[in-house]
Amino acid sequence: MKYKLLLLFILFNVFAFTQSLNAQQITILEGQIFSADHNEPIASALIFTENNKAHYADEKGHFKLEVPSGKLHLTIESLGFESYEYKIQNLAPGKLDLGKIELQEKATFLREVQVSAAQLPFRSSFEGTNYYISPKLLKDMQPISTEEALKMIPGVNVLGDMGLSNRLNVSIRGSWGRRSEKVLMMEDGSPISTAPYTAPGIYYNPISDRIDAIEVYTGADILKYGPNNMFGIINYISPKPPQQPGLRAKIVGGQRGYFTGLLSYGGTWNKVGTLVEAVYKRFDGFTQNSSVDMINLNAKIFAELAENQSLYFKISGQFEGNQATLSSITPLTYKLDPTQNPFDADRFTMHRYGLDIIHKWLAGTNMSLTTKIYASDFARDWWRQNTTLIPAADVRAYVGENIFSDRYSYLEGQSVGAEDFVRVGRIRNGRESTADSRWHFTVAGGEETFQKEWKGSDIWSNSLEAQLKLYSETYKDMVLTADSSRWARSGTFTTDLAYSLRSVSGYIRDQFQWKQFQLTPILRFEQVWMDRVDRLAGSIDPNSGGEESASRVNSYNILQPGVTLAYQVNQVKVFGSVYRGYIAPSKYFAFLVERDGVLVPPDFGDASNIQPEISLNSELGIRGELLDGRLSGQFAVFNNRIRNFYLAGWNEYFDKLGVINIRGLEASLRFDLLPKLSEHKISIQPNITLLQTGIISGEMIDRHLFTQVVHNTATRNEFIEKVNANPEGYRVYVRDGQGTEQLLNRPLTEADLSQISRTVYKFGEGGIENATAPYSPEVAFFLNVSYSFRKFTFGLSYNRIGEQYAEFANFSNESSDGAIGKIPAYHTFDFNINYDFILAKTRCSVFLVGKNIGNDIFLASRLNRGQSGIMPGGFRQVNAGINLVF
């Protein structure tokens with residue numbers, strides 16, 4: 001027995017010794033993979049070790065592997081990058097940190113599939129001011145819409161309209177924010193506006209769950225893109241095909257019926273990356289009768305065809321059906337119940353198909369040709385109930401008992417005054433009615449971009465880039481009316497306009513670098529031809545000469561020079577730029593004629609001579625990293641001088657073109673409080689915008705101030721005081737008993753207000769000298785504080801927007817319909833909790849997010865002056881979800 005025990009003891013020790021030897025032959029290998037060109041982490045890089053065993057880096061480029069000690073041959077690959085090899089003959093047991101591993105970007109790599117994992121608040125590859133929201137930040141925030149993410153960017157002002165921002169309203173550096181019409185919106189570098197020249201409003205906006213990162217450009221390099229490059233560009237970046245093949249599923253649920261389901265599959269095989277994705281989102285809305293359903297389907301391929309060629313293909317389709325309304329609420333309704341929306345028959349349906357094809361060919365040493373073709377087709381039907389404003393005390397009598405109890409019962413028992421109004425469905429002949437705005441757009445463009453680099457030595461280099469673009473768009477604008485019911489879906493055409501546009505554009509950009517100095521001049525040109533045909537007028541006039549007699553034409557060209565000068569010191573760059581921006585004349589005024597400095601409708605046979613809005617933009621800034629990368633950020637001051645200014649807002653147009661000056665300061669910082677090696681991480685990200693706007697000159701005719709807006713004592717008195725205190729700044733026209741219009745040449749009185757036909761505002765010296773542009777808050781502030789420990793992350797964010805005017809008339813008091821009046825300052829608080837873990841080889845992430853957790857309802861905008869009123873915002877929304885990668 002004792003021999004058996006001895007034998008067992010010997011065998012146990014031999015086994016233990018063998019295990020000890022094996023343990024000593026294992027080496028823990030770790031490192032972080034970066035792009036050498038952009039100093040940004042590369043997510044999910046493929047790592048081969050012994051016997052071609054595959055491993056993958058994480059989303060920050062980190063990897064940690066156990067490999068046998070001794071001889072090691074390590075290979076790292078990522079789609080679009082040169083391979084990296086590490087060889088060692090005698091790898092010692094223990095631990096080896098390879099530190100920062102840099103992969104060189106292949107010359108065939110395309111910017112459209114580059115998603116940076118960097119935490120920097122800017123992109124170093126763009127010259128001039130720009131801002132960047134990283135995949136990590138979007139993952140932590142889990143925004144319900146892209147506007148929620150955009151509000152953290154300096155210079156960007158989000159104007160509330162729809163809760164899911166599928167009709168985005170943003171302003172950049174003081175631009176008019178209605179449907180983001182003066183901002184060029186892109187996805188993966190291609191325009192997504194329905195018709196960027198003719199009708200640039202945003203009626204398609206990608207679902208936030210399928211966006212990986214967001215870029216905002218405002219510097220001189222913006223001239224590589226057009227049109228509408230005066231204020232800024234927003235570029236959504238969708239996920240690139242993943243390196244590691246896998247299936248991804250995401251499910252989110254929350255208050256008010258919020259649900260998102262995402263399913264995607266993709267990977268890289270033999271230098272071909274593919275991704276197929278489907279997203280469904282639905283939401284009951286923050287207010288009554290505002291539900292939305294959206295589906296997005298997309299697929300993309302990025303292939304390295306050869307050592308000198310690559311190809312990118314992307315196709316997408318988005319479909320929406322929702323209860324969007326153009327009408328909003330009055331101050332009384334906002335006070336009693338801001339969730340009210342009685343217009344249950346409003347319906348918005350749309351589809352958008354998109355296509356992108358890009359081919360890159362290395363034509364020689366450091367020389368490439370990139371061909372890009374893009375196209376989209378967008379169509380919408382928007383049935384909206386016809387509305388009117390009536391005194392609150394008369395609602396029951398006007399709409400009838402059934403409609404009142406069904407849609408206006410919140411007024412029951414309320415004490416209302418003579419100046420309290422409510423927006424209701426208009427009733428004629430005992431029936432409510434509706435109208436349809438039916439649009440159809442097609443867009444197609446082709447670009448050829450040439451790039452060539454020269455490097456004489458380590459002291460100097462030169463990079464030349466030139467592009468030529470051919471472009472076309474069509475737009476059909478139809479309006480139907482139906483007086484049979486608010487539910488009618490067929491009617492009579494009252495508008496039928498057809499627009500078409502063609503353009504040729506391009507740019508030449510040369511970047512010269514000598515030691516730490518960088519000089520980048522750029523010159524852009526555009527030639528545009530556009531026409532409009534009134535097809536309805538041509539069909540009902542028996543003496544019509546066909547479409548030619550009902551058509552209007554316009555053509556213009558624009559030359560845009562720009563230059564950026566920069567100086568780099570270690571990780572800090574000081575830069576300054578000057579460039580000429582422009583806004584394309586859209587359907588609102590592209591076919592008018594300027595005579596004697598005043599815009600008027602053209603006579604028969606007249607061609608429009610309207611030119612674009614032009615600006616001289618300048619900026620001076622500094623950006624970079626300090627304290628071993630723990631402090632990073634960007635600071636810039638800017639000034640934009642705009643002339644030929646026409647489109648001032650909804651129902652506000654400069655008949656004598658205006659000059660506007662906008663200047664401000666922007667700062668965006670990120671500070672990591674704890675050392676990089678600490679497992680605990682605390683980061684603080686404050687952003688601030690200071691803005692000052694002024695109307696230098698111009699005349700604006702307001703024909704709706706006293707024909708559509710419902711005034712009260714406060715707004716009437718304010719207008720009288722404005723006019724009588726500054727008679728040179730206001731010319732008021734009234735109609736007498738016979739309907740004849742005449743200029744009022746005496747002090748304005750209360751009795752005159754009902755006779756006003758139009759008001760002319762004269763801005764500048766000798767007139768209104770202190771006016772400011774609408775939706776341009778003087779101060780905006782955003783703060784995000786994040787704490788993480790290993791796989792756990794917790795974040796808090798605070799956003800404050802200062803008070804702002806809603807129209808060029810700069811009314812401080814609010815009208816009874818809510819159409820005019822200063823918008824008070826407001827703030828929001830958000831939080832997010834994320835936890836990552838691995839379950840049965842599945843990467844899992846669970847999250848809980850709270851939006852506007854204080855539930856501090858605020859007045860978000862008055863986007864439809866004269867047709868609408870208050871758009872409320874600030875409703876609390878709590879969502880939870882899980883993200884799985886198999």
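The values are calculated or read from the model by the stated rules, or taken from the named source; none is laboratory data. Keep in mind the model is a prediction, meaning the values are calculated, not measured. When we count neighbours, we look across all protein chains shown, and the Cβ atoms used for this are built from the backbone with ideal geometry, even at glycine. Just so you know, the surface numbers come from the protein's heavy atoms only, side chains and all, with ligands and any DNA or RNA stripped out. Shrake-Rupley method; radii C 1.70, N 1.55, O 1.52, S 1.80 Å.
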Model label zone, N770; criterion: amide N under 14 Å from point 7 Å along Cα-to-beta-carbon; scope segment 175-204: none
Helix axis angle, 2-24 relative to the chain longest principal axis, alpha carbon, degrees: 50 degrees
With all protein chains modelled, accessible area of M367 [1.4 Å, Å²]: 60 Å²
Segment Q692-D736, length gained on full extension (0.36 nm per residue, minus Cα span): 11.7 nm
Normalised per residue, the volume of the convex hull around the Cα set of segment 121-251 (Å³): 115 Å³
Cross-link pairs beyond the 28 Å C-alpha cut-off, checked among K281/K851; K136/K851; K139/K515; K60/K271; K136/K822: K139/K515; K136/K822
Point-to-point label distance, R111-Q309, nm (Cα→Cβ direction, 7 Å offset): 2.4 nm
Segment L468-K335, length gained on full extension (0.36 nm per residue, minus Cα span): 42.4 nm
Relative packing of 567-576, 197-206, which averages over residues the other C-beta atoms within 10 Å, highest first: 197-206, 567-576
Computed Rg/Rh of the chain, alpha carbon atoms with Kirkwood Rh: 1.02
Sulfur and carbon atoms: percent of accessible area, segment 708-786 [1.4 Å]: 48 percent
Whole-number Å³ per residue for the convex hull built on Cα positions in segment 785-886: 121 Å³
Average accessible surface area per residue within segment 714-808, 1.4 Å rolling probe, Å²: 50 Å²
Net length gained if the chain between F319 and L631 were fully extended (0.36 nm per residue, minus Cα distance): 108.1 nm
Protection proxy ranking of 151-160, 710-719 - average other beta-carbon atoms within 10 Å, highest first: 151-160, 710-719
Solvent-accessible area per residue, Å², over segment 647-713 with all protein chains present [probe radius 1.4 Å]: 41 Å²
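Place a +1 charge on the Cβ of each Lys and Arg in the chain and a -1 charge on the Cβ of each Asp and Glu, then give the dipole magnitude about the Cα centre in debye, rounded to the nearest 20.
2280 debye
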Lysines with Cα under 18 Å of K182, excluding same-chain neighbours fewer than 8 positions away: K151, K224, K587
Expected-Rg normalisation [2.2 N^0.38 Å, Cα atoms] applied to segment 297-383: 1.90
Cross-link reach list, aspartates and glutamates versus K469, counting only Cα pairs under 16 Å and skipping chain neighbours closer than eight places: D356, E447, E448, E526
Paramagnetic label zone (point 7 Å from Cα along Cα-to-C-beta, V416; backbone N under 19 Å) in segment 275-290: 288
Between helix 713-725 and the chain: long-axis angle, C-alpha atoms, 0 to 90°, nearest 10: 80 degrees
Accessible-area composition of segment 324-416, carbon plus sulfur, in percent [1.4 Å probe]: 52 percent
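Solvent-accessible area per residue for segment 391-535 at a 1.4 Å probe radius, Å²?
Numbers: 7290 Å² over 145 residues.
Using a 1.4 Å probe on heavy atoms only, each residue of segment 391-535 averages 50 Å².
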Candidate aspartates and glutamates - alpha carbon under 16 Å from K335, same-chain residues fewer than 8 apart omitted: E412, E419, D420, E814, D817, D856
Rough spin-label spacing in nm, given labels placed 7 Å along Cα→Cβ, for K87 and I373: 4.5 nm
Spin-label model distance (nm) - A537 vs I682, 7 Å beyond Cα toward Cβ: 6.7 nm
More than 20 angstrom apart: percent of Cα pairs within segment 582-706: 61 percent
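For the pairs K100/K841; K681/K791; K71/K100, flag any whose C-alpha to C-alpha distance is greater than 23 Å.
K100/K841
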Zone residues, segment 815-837, relative to I28, backbone N less than 20 Å from point 7 Å out along Cα-to-Cβ: 837
Kirkwood hydrodynamic radius over Cα pairs of segment 27-158, then Stokes diffusion coefficient at 20 °C and 1.002 mPa s, in µm²/s: 129 µm²/s
Förster radius 45 Å - calculated FRET efficiency between L796 and H440, Cβ distance, rounded to 0.05: 0.50
